[in-house]
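The values are calculated or read from the model by the stated rules, or taken from the named source; none is laboratory data. Computed from a prediction, not measured in an experiment: that's the story for all the values here. Neighbour counts run over all protein chains shown; Cβ positions are idealised from the backbone, glycine included.
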Amino acid sequence: VISYTALLRGYGKLKSFDRMKEVWRQLMMSRCKPDVRLCTETITLFGREGMLEDAEAVFDFMLKQGLLPDTITYTSLMHGYVCQGLWEGAESVLRKGLQAGAIRDDVPYSILVNAYVKAGRHEQYDDILGQMEKDGVKPTIVTFNALINAYSKAGAPDKARKAFERMQETGCEATAITYTSLMEAYARCGQTEISEYILVEMRNGGTEPDSIAYAVVINGYCQSGQLANAEKIFRTMVNSGCKPQPAIYNSLMNTYANQKNTVEAERICRLMEAAGHKPTASTFNTLIGMYIKAGRRTTAEQTYARMQESKCNPD
RNA sequence: GGGGCGACUCCA
């Protein structure tokens, strides 16, 4: 059993799934009795790679062996369904787990929320917490993060905010992910000033914004063309020692390019290089497109040449 | 611990 475990883990890490299947087949034919943990680990590995039939086969095998699937087993199997976008499958696994009395924590519910998000089934979010209460399972911060993100994707910042308040009442502590999801909910529907306000709330609450948190607010301002505000947040980010990722520079550049502000777009590009980021394909495309629209063909061609030198693929 | 959450990008 020990060597089978090692083999499965090893092949799982290497993503050699044919080998994993082979090892599993041999294990089933051998007289070894794998334990719940090994079976669950195998279900996770198969499920992550979309090999649902194999994951289900392992699950059936457990039942035949008289092994009792635990809460993690059901969760792993659900996750497999979610990876394939099969929310109905995930639901039915959860039902089975509940019938078996095996569901012990909030993880399956958070996963279910993500399944609904993936399928755009926004109507389902409101029932989750009630369902959990009925099942006697307490939500955690991850449950609330999933819900806030779900409402954000549904374009319902007010509901996201309510979920946030509910989280506070429950005594859960917000993480950077919690705030970022909430900020995104507002940023997505153009409520950029509120998303900036949440950034402040976040810092006051003792959570240091990371580069994703800043990126959400900056992108929000960029998308609504509020470059002065975007630049302001950008400076706060840099001043607080947070390193902007290339995507943020591209987003600023893009906005300047859309506004036909070549001078500022070039400035951002230099800033990016000064920060040690090579311009990406998207950077060059923005610049070239901008020069062409401005009728500066030679500059566009020079930029194109630069792009080829720096071995970036044009698209 | 064998399981779950955030922008952009990529893939479908």
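Considering only residues in the range A:110-120 that are more than 7 Å from RNA strand B (Cβ to nearest atom) and assigned to a helix (DSSP H, G or I), the one that is farthest from A:PHE144 (Cα to Cα) turns out to be A:ALA119.
Being within 20 Å of A:ALA187 (Cβ to Cβ), among the aromatic types (Phe, Trp, Tyr) and crowded, with 16+ Cβ neighbours inside 10 Å is the requirement here; does A:TYR291 meet it? It is false that A:TYR291 is within 20 Å of A:ALA187 (Cβ to Cβ), among the aromatic types (Phe, Trp, Tyr) and crowded, with 16+ Cβ neighbours inside 10 Å. Of all residues in the range A:193-218, those satisfying the criterion of being in a loop (DSSP other than H, G, I, E, B) and within 16 Å of A:PHE234 (Cβ to Cβ) are A:PRO209, A:ASP210.
For the range A:41-84, the candidate set comprises residues that are polar (S, T, N, Q) and outside any helix (DSSP H, G or I); within that set, the residue that is nearest to RNA strand B (Cβ to nearest atom) is A:GLN84. Here A:LYS260 meets the list (1) touching a Cys at 6+ places or on another chain (Cβ under 9 Å); (2) on the phi > 0 side of the Ramachandran plot almost entirely, failing just condition (1). For the range A:121-149, filtered to residues that are outside any helix (DSSP H, G or I) and touching a residue at least 12 places away in the same chain (Cβ under 8 Å), the residue that is surrounded by the most Cβ atoms within 10 Å (Cβ to Cβ) is A:PRO139.
Annotation note: Cβ proximity below 7 Å between a residue of the range A:77-99 that is closer than 16 Å to A:VAL137 by Cβ and a residue that is surrounded by fewer than 17 Cβ atoms within 10 Å (Cβ to Cβ) and of a type in the set (Asp, Glu) (sequence gap 6+ or interchain) occurs for A:LEU98/A:ASP135. Just wondering, is there one or more residues in the range A:179-186 that are buried (at least 24 other Cβ atoms within 10 Å of the Cβ), among the β-branched types (Val, Ile, Thr), at pLDDT 95 or above and within 24 Å of A:ASN254 (Cα to Cα)? Within the range A:179-186, one or more residues are buried (at least 24 other Cβ atoms within 10 Å of the Cβ), among the β-branched types (Val, Ile, Thr), at pLDDT 95 or above and within 24 Å of A:ASN254 (Cα to Cα).
Only residues that are in contact (Cβ under 8 Å) with a residue 24 or more places away in the chain and either in a helix (DSSP H, G or I) or touching a Gly at 6+ places or on another chain (Cβ under 6 Å) (or both) were counted in the range A:163-192, giving 18. If the condition is being more than 9 Å from RNA strand B (Cβ to nearest atom), under 18 Å from A:MET183 (Cα atoms) and of a type in the set (Gly, Ala, Ser), then the range A:202-256 contributes A:GLY205, A:GLY206, A:SER224, A:GLY225, A:ALA230. A residue that is of a type outside the set (S, T, N, Q) and in a loop (DSSP other than H, G, I, E, B) occurs somewhere in the range A:85-92.
Here's the yes/no breakdown for (1) under 17 Å from A:ILE198 (Cα atoms); (2) polar (S, T, N, Q):
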| position | (1), (2) |
| --- | --- |
| A:ASN114 | no, yes |
| A:LEU129 | no, no |
| A:THR143 | no, yes |
| A:TYR151 | yes, no |
| A:ALA156 | yes, no |
| A:ARG166 | yes, no |
| A:THR170 | no, yes |
| A:THR175 | yes, yes |
| A:TYR179 | yes, no |
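Hey, among the residues in the range A:31-40 that are in a loop (DSSP other than H, G, I, E, B) and in contact (Cβ under 8 Å) with a residue 24 or more places away in the chain, which one's farthest from A:LEU77 (Cα to Cα)? That would be A:CYS32.
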